[in-house]
Amino acid sequence: MSKFWSPFVKNLVPYVPGEQPKLAKLVKLNTNENPYGPSPKALAAMQAELNDNLRLYPDPNSDLLKNAVAKYYGVQSNQVFLGNGSDEVLAHIFHGLLQHDQPLLFPDISYSFYPVYCGLYGIKFDAVPLDEQFQINPADYAKPNGGIIFPNPNAPTGCLLALEAVEQILKGSPDSVVVVDEAYIDFGGETAITLVDRYPNLLVTQTLSKSRSLAGLRVGLAVGHPDLIEALERIKNSFNSYPIDRMANVGAAAAFEDREYFDKTCRLVIESRDKVVAQLQAKGFEVLPSAANFIFARHPKHDAAGLAAKLREQGVIVRHFKQERIAQFLRISIGTPEQNQALIDGLGDL
Ligand SMILES: Cc1ncc(COP(=O)(O)O)c(C=O)c1O
């Protein structure tokens, strides 16, 4: 706190990202990164771009990447918005499309950045409780609202909402923007991008940080009706006209083109997830059904904070949220088979 801070800054409650430890030897299963590296083709494209052209600003419209995304999803390039990570895309969505008189709706247990953006942009919200099984119930969202947002699969639960249920939410609020945050969709779900041509109020966000293993590059996107995209472009061009740098433009486009590597690495993560779930269940954990690259698990006899501390002593870090309802859960990212084994060994005999 300083006398130079405005009252606005004094009242902000910022998001706290998962720890990024400096020690290289830790088994890092706390921020849902991909254990496999980016596509070698993406790396080669970025290496080729490391040249004298870096003195020049990048393409403000990132046409190369927009076209790659549009081609991949079978949409027009004016239906695609790009940002510096999907966090930035989400920030512009909150700012430009979710600020209304009625409250924004999102699940009580979901991405903890949503209430932070509400604080930043002065948006009223109503946290809608997940049901007893930690699932989203579409009927709970059929009430007056100024917008709806939810991750699918949800985070930190990992639970997937079927596409028909997403459609039910869209149909229940045809006059509100409905944002489906698909950061983890490639690990077991079906994207709602196939619905954007039928629902002008639908906006789907995705990231290259998870299934395309480029968290360090910071690229995220949104797909929706051109009118929604235009609103986001207006915000972006009033904030930072060059969110996608030269490396990101070519690297992310090459990652979208390397379908084979993407399919292979997603498959490996899914296979490992199934194995880790079975191993944790054998130790007595209850594991929520996950369609993501992480799992959410609790043990009936062991305190979650205690388990996280015990794992940490053995060099394995997982994420523990103190929030009510989920304080006894651990969120564990899926790593390589060796990292997953370190987790299982670290838990020991429970
Ligand atoms: C649900 C959800 N949405 C969005 C993001 C943001 O990802 P990024 O800014 O890396 O694209 C995350 C990151 O963990 C997430 O869990």
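The values are calculated or read from the model by the stated rules, or taken from the named source; none is laboratory data. Keep in mind it's a predicted model, so treat the numbers as computed, not measured. Here the Cβ positions follow ideal geometry from the backbone for every residue, glycine too, while neighbour counts run over all protein chains shown.
Observations
- Tally, over region 144-200, of residues that are among the acidic types (Asp, Glu), in contact with a helix residue (DSSP H, G or I) (Cβ under 6 Å, 6 or more places away or on another chain) and closer than 20 Å to residue 90 by Cβ: 1
- Test result for residue 85, within 14 Å of the ligand (Cβ to nearest atom), closer than 29 Å to residue 128 by Cα and at pLDDT 95 or above: yes
- Among the residues here, residue 248 does not qualify as within 16 Å of the ligand (Cβ to nearest atom) and in contact with a Pro (Cβ under 7 Å, 6 or more places away or on another chain).
- Which numbered condition residue 52 fails, given (1) more than 26 Å from residue 211 (Cβ to Cβ); (2) touching a Phe, Trp or Tyr at 6+ places or on another chain (Cβ under 8 Å): (2)
- Residue within region 125-134 that is surrounded by 17 or more Cβ atoms within 10 Å (Cβ to Cβ), touching a residue at least 40 places away in the same chain (Cβ under 8 Å) and farther than 16 Å from residue 288 by Cβ present: no
- Within region 198-222, being touching a residue at least 40 places away in the same chain (Cβ under 8 Å) and more than 12 Å from the ligand (Cβ to nearest atom) holds for one residue alone: 203.
- Annotation for region 176-193: at least one member residue is over 26 Å from residue 237 (Cβ atoms), of a type in the set (Ser, Thr, Tyr), within 16 Å of the ligand (Cβ to nearest atom) and in the same structural domain as residue 232 (by TED's automatic domain parsing).
- A Cβ distance below 9 Å, combined with a sequence gap of six or more or placement on separate chains, defines the contacts here; from region 82-105, residues that are in contact (Cβ under 8 Å) with a residue 40 or more places away in the chain and at positive phi reach residues that are buried (at least 19 other Cβ atoms within 10 Å of the Cβ) and of a type in the set (A, V, I, L, M, F, W, C) in the pairs 85/208; 85/217; 85/219.
- Within region 71-162, strands (runs of 3 or more DSSP E) holding 2 or more residues that are touching a Lys or Arg at 6+ places or on another chain (Cβ under 7 Å): 80-83
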